[in-house]
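J.: This structure is in structure tokens; I'll ask about it shortly.
Each reported figure results from applying straightforward, stated rules to the coordinates on display, with no laboratory input. Here the structure is a predicted model, which is why all the values come from computation and not from measurement. Heads up, the Cβs are rebuilt from the backbone with ideal geometry, glycines too, and the neighbour counts pull from every protein chain shown.
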Amino acid sequence: MDISVIDQILSENIELFDRASTAIRQCLQAYEKKCSELIAEIATFDSVSAAEHNFDSLFDIQGQLATLLFKYRFDIGPKLETLTREFDRLYDPYIRNYWFEKFKGGVRWPE
């Protein structure tokens, strides 16, 4: 293969990577904001069962973040990385209860 063809292919893919990275970073900002909102809302509920939808949403977001972090080794930032690691078992009712109590007690982000 001619080096000029390789250069062209690489240049196109670098541009694509840059656009994709920018779009992903924008999504990460939106995810962080949404997670903060979901957590704040969980703190207002009277029971874990009332907060199930919020926990389901957090777990869905955690799955997307885990894919970026572990499969693609994308830097999602320390705050979202902590959330990703702490919520990896959020499907478990005992873990949900643990976080429900933490959020009711004033915790606003997993640490």
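J.: Would you please name the residue that is farthest from Leu90 (Cα to Cα), looking only at residues in segment 47-72 that are over 10 Å from the mean Cα position of the chain (by Cα) and among the acidic types (Asp, Glu)? Spell out the reasoning first.
T.: We begin by selecting, within segment 47-72, every residue over 10 Å from the mean Cα position of the chain (by Cα); these are 47-57, 70-72.
Applying the additional criterion that residues be among the acidic types (Asp, Glu) yields 52, 56.
Values: Glu52: 11, Asp56: 8 Å.
Out of the qualifying residues, it is Glu52.
J.: State whether one or more residues within segment 80-95 are of a type in the set (D, E, K, R), in a helix (DSSP H, G or I) and touching a residue at least 40 places away in the same chain (Cβ under 8 Å). Spell out the reasoning first.
T.: Taking segment 80-95 as the starting set, the residues that turn out to be of a type in the set (D, E, K, R) are 81, 85-86, 88-89, 92.
Restricting the remaining residues to those that are in a helix (DSSP H, G or I) gives 81, 85-86.
From what's left, touching a residue at least 40 places away in the same chain (Cβ under 8 Å): none.
Within segment 80-95, none of the residues are of a type in the set (D, E, K, R), in a helix (DSSP H, G or I) and touching a residue at least 40 places away in the same chain (Cβ under 8 Å).
J.: Give me a count of the residues in segment 96-111 that are in a loop (DSSP other than H, G, I, E, B) and either surrounded by 13 or more Cβ atoms within 10 Å (Cβ to Cβ) or among the acidic types (Asp, Glu) (or both).
T.: Residues of segment 96-111 that are in a loop (DSSP other than H, G, I, E, B), as a first pass: 105-111.
The next check asks that each one be either surrounded by 13 or more Cβ atoms within 10 Å (Cβ to Cβ) or among the acidic types (Asp, Glu) (or both); those that pass are 107, 109-111.
The number of residues fulfilling the criteria is 4.
J.: For Thr44, only one of the following conditions fails: (1) of a type in the set (Ser, Thr, Tyr); (2) more than 12 Å from the chain's Cα centre (by Cα); (3) in a helix (DSSP H, G or I). What is its number?
T.: Result: Thr44 fails condition (3) only.
J.: If Ile9 meets every condition in (1) touching a Ser or Thr at 6+ places or on another chain (Cβ under 7 Å); (2) farther than 23 Å from Trp109 by Cα; (3) not small (Gly, Ala, Ser) apart from one, which number is that one?
T.: The single condition Ile9 does not satisfy is (1).
J.: I want to confirm something. Restricting to segment 20-46 and keeping residues that are among the charged types (D, E, K, R) and surrounded by 10 or more Cβ atoms within 10 Å (Cβ to Cβ), which single residue is farthest from Tyr94 (Cα to Cα)?
T.: Arg25
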